[in-house]
Amino acid sequence: MLERRQPKGKEPVLILGIETSCDETAAAVVNDRREILANVVASQVLDHQRYGGVVPEIAARAHVTHLDGLIARAMRDAKITWAQLDGVAATAGPGLIGGVLVGLVTGKAIAAAAGVPLIAVNHLEGHALSARLAAGVAYPFLLLLVTGGHCQLVEVASLGRYRQLGTTIDDAVGEAFDKVARLLGLGYPGGPEIERAALAGVAARVPLPRPMVGRQGCDFSFSGLKTAVRRVVEERSPLTPQLVNDIAASFQSTVAEVLADRTANAMAMFRERHPGPGRLVVAGGVAANSALRTRLEQTAKRHGFTMIAPPKELCTDNAAMIAWAGVERLQAGLTDGLDAAGRARWPLAELVGPLQ
Ligand code: KG4
Ligand code: ZN
């Protein structure tokens, strides 16, 4: 075993982050000064493309193949040795369990060999705190978390203190993008494909229903919208390239309207507990969408909130956000044993922060 480092004094705290919960294999090194010293991501898009979605067994195998090399590259990019690490943060869920276990077990092995603590990070907390890494956003803030598997509005009071205000009652928003892209014959993942097609489309040519808009609360629903798109596709097939673009534009602007409406209600709920100017953080893969960002920024402004969205490479899955969650947890004394379990399901509300 390597000798444990002495307390660092004024030197930055260095964390290695590992992310393997879905179809990106990623490693990063981040310090407590919010500097990203290395951030490498290997996308498995090509491995899954012909199946139109992520195949768990293929994903797990690809993580096994690529993770060691990516970690070595991240350490090289950061120009550090194992002995300089202060901790290893690995995603422990939620996600595809095979992939989660590959990253978590690798993280445990490195933590044990380097003699540093392991931080078993919740992937959603990684997304939630990504804007603190990118822009130093202060607590508390309202979080709109939009990924392939989740669509939630969350009051983030402080590290580990999350209260869900609203969630989807059926599909996640990224899932809706992916399914609609498939209906339109566009590639996987669907979000970026729809965003590209929408640039050349006219939304008003294809009216679609706007689920939940105008209702109380801030839950979401996207399956009716997806069904409406399917109906249009069935009625108007074969689709011309222009019609594909028009449907993509209409779908995207409808999603923007639904997200803006639900988030406006959440801002009112958030303000009851945290008066004054508010911060809205938009995070997760779907937050990479420029049209959605613009729309949410306008809504936030109208309600006296400032919107912060991380740069796009920190919105989609990456290990820098996992390393950062590790920095915050390590500094709060919240580390995990080498018996930490990987979890397929792990809601944010089950997390705990430091004792107040
Ligand atoms: O956060 P993420 O990378 O992985 C999960 O934790 O799920 O999110 C992936 C989701 C996919 O559904 C993908 O289609 C969507 O994010 N996405 C986008 C865009 N880029 C990625 N959705 C809309 N517009 C985009 N530009
Ligand atoms: Zn994610």
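The values are calculated or read from the model by the stated rules, or taken from the named source; none is laboratory data. Nothing here was measured: the structure is a model prediction, and the numbers come from that model. Every residue, glycine as well, gets a Cβ built from its backbone with ideal geometry; the counts of neighbours run over all protein chains shown.
Inspect region 4-18 for any residue being farther than 29 Å from G187 by Cα and within 19 Å of the chain's Cα centre (by Cα) and give the result as yes or no.
yes
Output the number of residues of region 246-297 satisfying the condition of being among the small types (G, A, S), under 17 Å from S221 (Cα atoms) and touching a strand residue (DSSP E or B) at 6+ places or on another chain (Cβ under 7 Å).
1
Six or more apart or on different chains, Cβ under 7 Å: which pairs go from a residue in region 32-54 that's over 28 Å from G136 (Cβ atoms) and free of Cβ contacts under 8 Å to residues at least 60 places away in the same chain to one that's surrounded by 14 or more Cβ atoms within 10 Å (Cβ to Cβ) and of a type in the set (G, A, S)? Could you list them?
Listed by first residue and then by second, the contacts come to Q44/A59; Q44/A62; D47/A62.
Kindly indicate which of V281, V213, V180 is at negative phi and at pLDDT below 95.
That would be V213, the only listed residue that is at negative phi and at pLDDT below 95.
Sort through R302, R343 and tell me the only one that's of a type outside the set (A, V, I, L, M, F, W, C), surrounded by fewer than 21 Cβ atoms within 10 Å (Cβ to Cβ) and not assigned by TED's automatic domain parsing to the domain that holds L16.
R302
Among the residues of region 145-161 satisfying the criterion of being within 16 Å of ligand 2 (Cβ to nearest atom) and within 21 Å of Q216 (Cα to Cα), which is surrounded by the fewest Cβ atoms within 10 Å (Cβ to Cβ)?
H150
Go through (1) touching a Phe, Trp or Tyr at 6+ places or on another chain (Cβ under 9 Å); (2) closer than 15 Å to F141 by Cβ; (3) within 16 Å of ligand 1 (Cβ to nearest atom) for F251 and report which single condition fails.
(2)
Identify all residues within region 140-186 that are within 8 Å of ligand 1 (Cβ to nearest atom) and among the hydroxyl-bearing types (S, T, Y); write none if there are none.
T147
Given A89, A138, A112, A83, which one is more than 27 Å from L208 (Cβ to Cβ) and surrounded by 24 or more Cβ atoms within 10 Å (Cβ to Cβ)?
Within the list A89, A138, A112, A83, the selection yields A89.
Being buried (at least 24 other Cβ atoms within 10 Å of the Cβ) and farther than 15 Å from A27 by Cβ narrows it down to one of G107, G95, so name that one.
The match here is G95.
Starting from region 330-356, keep only residues that are under 14 Å from A90 (Cβ atoms), then list their pairs with residues that are among the acidic types (D, E) whose Cβ atoms are within a distance under 9 Å, requiring at least 6 positions of separation or different chains.
L330/D32; L330/D86
Looking at region 167-180 only, could you name the residues that are surrounded by fewer than 24 Cβ atoms within 10 Å (Cβ to Cβ) and either over 17 Å from the mean Cα position of the chain (by Cα) or aromatic (F, W, Y) (or both)?
Result: I169, D170, K179.
So A287 passes all but one of these: (1) surrounded by fewer than 23 Cβ atoms within 10 Å (Cβ to Cβ); (2) within 12 Å of ligand 1 (Cβ to nearest atom). Which condition number does it fail?
All conditions are met except number (1).
Does A26 count as touching a strand residue (DSSP E or B) at 6+ places or on another chain (Cβ under 7 Å), assigned to a helix (DSSP H, G or I), aliphatic (A, V, I, L, M) and in the same structural domain as T81 (by TED's automatic domain parsing)?
no
Could you count how many residues in region 162-193 are of a type in the set (A, V, I, L, M), part of a helix (DSSP H, G or I) and more than 14 Å from ligand 2 (Cβ to nearest atom)?
Counting residues in region 162-193 that are of a type in the set (A, V, I, L, M), part of a helix (DSSP H, G or I) and more than 14 Å from ligand 2 (Cβ to nearest atom) gives 4.
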